[in-house]
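The values are calculated or read from the model by the stated rules, or taken from the named source; none is laboratory data. Just so we're clear, the structure is a prediction, and the values are computed from it rather than from any experiment. Don't worry about glycine lacking a Cβ; one is built from the backbone with ideal geometry, like all the others, and counts go over all protein chains shown. For the accessible areas, the whole protein counts, side chains as well, though only heavy atoms, and no ligand, DNA or RNA atoms are used. Shrake-Rupley method; radii C 1.70, N 1.55, O 1.52, S 1.80 Å.
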Amino acid sequence: MKHQANLSIVIPAYNEGENLQEILPGFIAKCNTENWNIIVVNDGSDDDTLKILSDYITEDNFTFISHKLNRGYGAAIKSGINICDTEYVISVDADGQHRIEDVENLYKKMLETNADLVVGSRKGAKNTGNFRKFGKWIIRILAKMLMPVPIHDINSGMKIYRTELVKKYIGMTPDTMSFSDIITLIFISYKYYVIEEPINVQKRISGKSKIRLETAFQTVMEIINIVILFNPAKIFLPISIICIIVGLIIGIPILIAGNGVSTGSLLAIFSGVLFFLLGLIAEQLSMIRRNRDK
């Protein structure tokens, strides 16, 4: 008799039929050997993804669910996580870049360290384009400016979580590609034990990446939103100080010259005070939210 499954692999897939044909046999064989579960989420694909997934429906440890419409990368991962009943769950991309060997390595690391989240780090990977590297660098720098982030590769698509914890917080995450960044920042913000472990990333088997320029902008906006939720002073206080300083720099020379008070300087100073008060209100709301979640 097989032991109770303790790990689920969630694979979000949108028009990845050709890639799934290549990776599923190996993943399913390993899952049958280890008694892991594998859940593929067909995110409204219009290629042959659904047909390919249907061919594996008789496999004991295999499950797939389908969205009628494309909801987004994050939404697909959340659908898979929500039906998990194992202690741990790992997300894996469907494009063939992630290896089943690294699933096993991250799972072992999770058990050895008793971590809450282990990120598969692609640091030093050479098969990433310069444009994407630059975008990831910008996102990483922004995140580190706004909050302490001990993880290098926060937007890696390969992560293993404690299922209970990730289910608790996925309602706070976006449905877009920025899911990977935001869920990591949430775990870090709540002081969970988050570490990273190197993985080997392979080239996409076929097709094109779904990541676009707008993905970076969405991610930046989501990072700012999550920082405002957890540490609003990081946003409001610098803006407040800048406005007040600018107001004083503009207004003091005019006042000394005997030309009265500058309207522009008053506007800047009052804006600074307003941002400071908004920051205090946001900080109180953030504290209430954190205490409620605890």
Quiz prompt | Test result for V10, in contact with a Pro (Cβ under 9 Å, 6 or more places away or on another chain), open to solvent by less than 10 Å² (accessible area, probe 1.4 Å) and in contact (Cβ under 8 Å) with a residue 12 or more places away in the chain | solution = no
Practice problem: Report, by residue number, each residue of region 147-158 that is open to solvent by 10 Å² or more (accessible area, probe 1.4 Å) and in contact (Cβ under 8 Å) with a residue 60 or more places away in the chain. | Solution: M147, N155
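Test T58 against the criterion of being surrounded by fewer than 16 Cβ atoms within 10 Å (Cβ to Cβ) and over 20 Å from Q202 (Cα atoms), and give yes or no.
The answer is yes for T58.
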Quiz item: Based on what the data block shows, is S66 farther than 29 Å from M172 by Cα, open to solvent by 10 Å² or more (accessible area, probe 1.4 Å) and of a type in the set (G, A, S)?
Solution: no
Quiz prompt | Residue satisfying all of: in region 197-212; at pLDDT 85 or above and out of contact with any Leu (no Cβ under 9 Å at 6 or more places or on another chain); least open to solvent (accessible area, probe 1.4 Å) among these | solution = V201
Quiz item: Residues of region 159-196 being in a loop (DSSP other than H, G, I, E, B) and either surrounded by 22 or more Cβ atoms within 10 Å (Cβ to Cβ) or not polar (S, T, N, Q) (or both), which ones?
Solution: T173, P174, D175, M177, S178, Y190, K191, Y192, Y193
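Condition first: part of a helix (DSSP H, G or I) and more than 12 Å from V92 (Cα to Cα). Now tell me which residues in region 21-47 satisfy that.
Correct list: Q21, E22, P25, G26, I28, A29, K30, C31, N32, T33, E34.
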Quiz item: Quick one: in region 257-281, which of the residues that are in a helix (DSSP H, G or I) and among the hydroxyl-bearing types (S, T, Y) is farthest from the chain's Cα centre (by Cα)?
Solution: T263
Quiz item: Would region 33-52 turn up any residue that is of a type in the set (A, V, I, L, M, F, W, C), buried (at least 18 other Cβ atoms within 10 Å of the Cβ), at pLDDT below 95 and more than 23 Å from S180 (Cβ to Cβ)?
Solution: yes
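Does at least one position in region 228-237 carry a residue that is closer than 30 Å to G171 by Cα, small (G, A, S), surrounded by fewer than 17 Cβ atoms within 10 Å (Cβ to Cβ) and in contact (Cβ under 8 Å) with a residue 24 or more places away in the chain?
yes
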Quiz item: Is there a residue being basic (K, R) and in a helix (DSSP H, G or I) anywhere in region 1-10?
Solution: no
Quiz item: What number of residues within region 282-294 are open to solvent by 100 Å² or more (accessible area, probe 1.4 Å) and either part of a helix (DSSP H, G or I) or modelled with pLDDT of 75 or more (or both)?
Solution: 4
Self-check item: Tabulated pairs, region 257-285, first among the β-branched types (V, I, T), second part of a helix (DSSP H, G or I) and at pLDDT 85 or above, C-beta under 6 angstrom, 6+ apart or interchain
Solution: I269/I244; I269/G247
Exercise. Taking I223 as the residue in question, decide whether it is of a type in the set (A, V, I, L, M), under 26 Å from T173 (Cα atoms) and in contact with a Lys or Arg (Cβ under 9 Å, 6 or more places away or on another chain).
Key: no
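Would you tally the residues in region 57-101 being part of a helix (DSSP H, G or I) and under 19 Å from the mean Cα position of the chain (by Cα)?
Total meeting the criteria: 10.
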